[in-house]
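One structure is given here, and the rest of the page talks about it.
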């Protein structure tokens with residue numbers, strides 16, 4: 001249990017503060033390179049990271065309960081990861097397709113917030129949950145597609161059949177759907193510990 005007088009940077013980064021900063025910097029750096037390097041996108045990701053770490057620091061200094069602090073910072077981390085993942089497809093989209101891609105992401109984000117209790121229960125009590133089964137199936141599909149997308153010996157099974165433009169589009173679409181998935185399940189982290197204990 002961290003005492004009030006120990007609410008300093010050392011203990012902040014020993015909890016989820018370091019995870020939030022490190023994960024955002026790592027993923028933001030990698031995803032700013034897809035489909036091509038962009039200093040502007042990298043700078044935007046780092047600005048978002050700085051804002052989120054500042055918010056987490058304020059929560060920390062105000063004495064937020066540790067379990068709640070860790071769950072909320074984990075939510076920030078994974079929901080932001082979801083945003084970072086959809087950016088490659090947004091970057092190569094234009095016209096009506098761009099707005100469709102953006103609108104579908106926003107729909108999933110708001111729908112998952114609306115259904116956050118259902119998402120939480122799928123993980124908290126997975127037995128008999130259709131949503132939990134769907135999540136496992138989707139994960140399996142991602143694993144299969146991912147395995148086929150990357151090295152098979154010295155060849156790329158899927159990417160080997162595409163030119164550079166098609167490959168960039170395929171990777172961006174693949175990351176986009178992973179981003180939707182991460183965004184959807186991240187809302188389970190919004191559950192308050194006190195609400196879990198009462199159930």
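The values are calculated or read from the model by the stated rules, or taken from the named source; none is laboratory data. Because the structure is a prediction, the values reported are computed rather than measured. Cβ placement follows ideal geometry from the backbone for every residue including glycine, while neighbour counts extend to all protein chains displayed.
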Out of all the residues in region 32-50, is one or more closer than 22 Å to residue 190 by Cα, in contact (Cβ under 8 Å) with a residue 24 or more places away in the chain and either surrounded by fewer than 17 Cβ atoms within 10 Å (Cβ to Cβ) or in contact with a strand residue (DSSP E or B) (Cβ under 8 Å, 6 or more places away or on another chain) (or both)?
-> yes
Taking region 11-37 and keeping residues modelled with pLDDT under 95, assigned to a loop (DSSP other than H, G, I, E, B) and either closer than 17 Å to residue 74 by Cβ or touching a helix residue (DSSP H, G or I) at 6+ places or on another chain (Cβ under 7 Å) (or both) leaves 15, 34, 35
Evaluate region 57-67: report whether one residue or more is outside any helix (DSSP H, G or I), in contact (Cβ under 8 Å) with a residue 60 or more places away in the chain and surrounded by fewer than 16 Cβ atoms within 10 Å (Cβ to Cβ).
-> yes
Using the structure shown, decide if residue 181 is out of contact with any helix residue (DSSP H, G or I) (no Cβ under 7 Å at 6 or more places or on another chain), buried (at least 16 other Cβ atoms within 10 Å of the Cβ), modelled with pLDDT of 85 or more and outside any strand (DSSP E or B).
-> no
Residue 104 is checked against (1) part of a helix (DSSP H, G or I); (2) surrounded by 14 or more Cβ atoms within 10 Å (Cβ to Cβ); (3) touching a helix residue (DSSP H, G or I) at 6+ places or on another chain (Cβ under 8 Å) and fails just one. What number does that condition carry?
-> (2)
